[in-house]
Structure formats: structure tokens, C-alpha cells
Amino acid sequence: MAMPGVAPAPLAIGSRRSARATPVFVALVLAFLAAIRHTDSVCAQEPIEIEVMGEDVLARGARLKLGPFDFHPYLAVEARANDNVLLSRSNAEDDIAVVYVPGVTVLTPLGNHSLSAKYQLTYKDYMYLDRLDGNEHRAELEAKFDFKMFYMKFDDRFAYLREPLDIQFTDIVRRLANDADAAFGLRLGRWTLELSAAHRFRDYRKEELDYLDHNEYRGTIEAAFEFTPRTAVFARGTYDQTRYVEDVMNDFAWAAASVGMRGAITGKLTWEAAAGVSYVERIEDNAEFPGEDSSDVDIYAKAALHWTPIPDRMTLSLSYERTPAPSTVSSFMTYDRLAFRFRHFFTRAFSATLDASFEMAARSYGPDLRRWGCGGGLQYRFRDWIMVYARYSYTRMNSEDDGPEYQTHVGSVGLLFAF
């Protein structure tokens, strides 16, 4: 698993108290929280995702139908206010900017099967920090085939991003990313066997950063037995390798084995719990970044709870995961993440969300990192094709010794149109 160092918080947009900006950060804009958010794990590199705030708006909005394809185009513009855009420990800078997000989702329902494609352009326009301006592209292709005795899933995601090289924003670089996943499942009575494979590729489009380019390969096998209609036990094994294109960084292998249970209670409560052991080994050293230890063994654990006390109105999710993994340089890390999310629809058109998280990365070499976050938002759908939302979030990171430390407040408002 590739660990590129400390992942930055969002390239959030903020407000500056000066003659050029109003002290009130609220501005009317078209918006949708769409983008691979940069609120990644404390240190882990998250997979590519295309998030669409207001999927219900896109589903109900106008669409262009061409044969078996349904086209759902949308346009959003978002304003965010951030009191510490550069994530500084002691010299916070605030700024204000607008994010324009046009995109299109193409769906092809085929009974138990489905095909879909997504494209999204994100353009960020800062008022003061012009070096952060720029555009990003994201695309996804997905196919699902579900038969009586077996199923198949394929997913391929691409992204061409602008992001800070480090947490100090000393340089903004282009990065090409590709995530590909495939899974095959076989149903045999109460038994289900699933085989899956994944490939991750990261390519920094700057010659002096070629040493960070890498491939990650992962294979997983899972066997599950359904001993009641609502409860199943499973065993899972995973093997992962990270290989760097140039012989500068250390290459790693990671393996994990776990057992667990998952189930549902009265259709309103679903849960999953698993525990196991994880083994990380440095499979190739280099002279520039030598490691202290060549391997590490730790405990893997995961628990998740999803509750829907009022169907189609109120949902609550709580999860915890502990994952040992390598870093990109020389040490091994153990990531602990606790997350909470709540959403409630007061009416068919008006909803509110609340979320919170705590993440910790314990390193075998270097300072431990801790990150807290919380936020909330309101979302109102005026028509089936237009939605307005407002959101606030707070993030704080600290570490031991002289590691990164910062705190930031972000506020945003906007509109989403589905044409």
C-alpha cells in the first residue's frame, strides 16, 4: 500500500479580512461537493472517488436519453471560506475562492446488470493565492453483472490532479492517478467465494519527482457462510505489493488475514466486525532511504454499524478501523480511524448532516500524527433539478516533536443544477 507521507487537508477556499474581500465569507454560488476530497487519512493515500452531493437531484433532474443510455449533466459552483488555507502552524492565511464543477453521469440499467460512466471537471479560482488556481479532471467507468450463481464487478477510475507536494504547499504539481478494480464472486448455496484484484498507479508529472512514481498490486480472497438469512461469517486474506518505478524509495509487501461476522437486524440495522493479523515487510532497500526494521507484525481490526431508525428519513453510521501499513520512506505505520455520520431528512426536500472523525498514525520511526475533524451541513432541494447547501467543518492536526500541526475552519455555500 502506498503511503506518500502526510496527506494535505482540502484545498479549501476561504476569506481574507481586507478591502478586497468582505468579512462575511458567505457568497451565493453554484455548488456540489464533488471531487476527490483531500480529506484523506492522516497519512494514507485514498483511492480515487467521484463524490456527488445531491445524487437525488441528479436522479430526478432532466436527462437526455439516447438508446439505452441516460445522460445526467450538471453544473455547480461552490464558494468556500478558510481561515488557514496553507495549513500553517503559526502564520495562518485566509482566502476566498470559487470552485466551478461541471460534469456528466451516464447510466445504463440492464435489469440485474448495470453500466455507468462519470466525468467531472473541477476548476478552482482563488482570490489571493493565485498559485493554487487550476483545473482537475476525474473520470470513472463501472460495470456490474449479477447472475444467479455468480457476479462480476469492474471499476476503472482516472484523475489528473493539481495538489501540493507537501503540507507546506512549497510546490504545486500535477499528478496522474489510475485505480482499477475487478471482482468475481461465486454463490454455492449458503457459501459465497469472492476473488478480487486491484491496481493503483501514481505518476507525478515532474521529472525531479519521478522517484515517487509507483505501482501497487493487491489480491484478495474471501469466503463467507450464511448460517442465518441475516447473518454470515467470513474469512479474508489479502496480499499487497508497492513497487516504485525508480530504485530510490523502498518497496514493500503487505499481507493480512482476518475473520469476522456481518449481519442485519429487522432490516434497519446492519453491522460488521472483523479482526486479524497484518504483516508488513520491506522487500527492497536502497541507499538513499534505508530502513531501521525490515518487517513488522500488528493487529488488524474493523467494526462498522449502520442504523436506519426511520426508513428514507434518518440514517446513522459509526465505524472504526485499525490498519498496519508501510510508509513510503523507511518506517511502518499503524492507522486508527474512528468515524461518525448522521443524516436526517426533515422533509422530502430538506436534510441535515453531521459528521466527526478521529485519525491517528503511529510510526515506528518519526513523530506520531493525530487528526480530529467535525462538521455539519444543510441541504435544500427547491425543485427536482436544483439544490442549495451550506456546510461548516473544523480540522485539527498535531504531532509529537516537530511534526506538522495546524487547525482550520472551512465554511461553504452553493447551488447544484442538474440540466
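Bear in mind these aren't lab numbers, they're just calculated from the coordinates by the rules spelled out. Just so it is clear, the structure is predicted and the values come from calculations on it, not from any experiment. Quick reminder, even Gly has a Cβ in these numbers, built from the backbone with ideal geometry, and neighbours come from all protein chains shown.
Would you please name the trypsin sites (Lys or Arg not before Pro) within the range 81-163 that are DSSP coil residues with at most 11 other C-beta atoms within 10 Å of their C-beta? Could the numbers behind the result be given before it?
Details: sites: Arg89, Lys118, Lys124, Arg131, Arg138, Lys144, Lys148, Lys153, Arg157, Arg162; in loops: Arg89, Lys148.
Taking the range 81-163 and a limit of 11 other Cβ atoms within 10 Å, the loop trypsin sites (Lys or Arg not before Pro) found are Lys148.
What are the GluC sites (Glu not before Pro) within the range 212-274 that DSSP puts in a loop, where the Cβ has at most 14 other Cβ atoms within 10 Å?
Numbers: sites: Glu216, Glu222, Glu226, Glu246, Glu272; in loops: Glu246.
Counting only loop positions with at most 14 other Cβ atoms within 10 Å, the GluC sites (Glu not before Pro) in the range 212-274 are Glu246.
For the range 74-136, which chymotrypsin sites (Phe, Trp or Tyr not before Pro) are both in a DSSP coil and crowded by at most 15 other Cβ atoms within 10 Å?
Details: sites: Tyr74, Tyr100, Tyr119, Tyr123, Tyr126, Tyr128; in loops: Tyr128.
Here no chymotrypsin sites (Phe, Trp or Tyr not before Pro) fit, given the DSSP loop and packing criteria.
So if we plug the beta-carbon distance of Phe342 and Thr231 into 1/(1 + (r/R0)^6) with R0 = 25 Å, what FRET efficiency do we get, rounded to 0.05?
Working: r = 26 Å, r/R0 = 1.02.
For Phe342 and Thr231, the calculated efficiency is 0.45.
Quick one: divide the alpha-carbon radius of gyration of the range 55-418 by 2.2 N^0.38 Å and tell me what you get. Intermediate values should be presented prior to the final figure.
On the way: Rg = 22.5 Å, N = 364, 2.2 N^0.38 = 20.7 Å.
Taking N as the residue count of the range 55-418, the ratio is 1.09.
Through the Karplus equation 6.51 cos²θ - 1.76 cosθ + 1.60, θ set to phi - 60°, convert the phi angles of the range 112-117 into ³J(HN,Hα) values in whole Hz; use x for Gly and Pro.
These are the phi-based 3J(HN,Hα) values: 7, 10, 7, 10, 8, 9 Hz.
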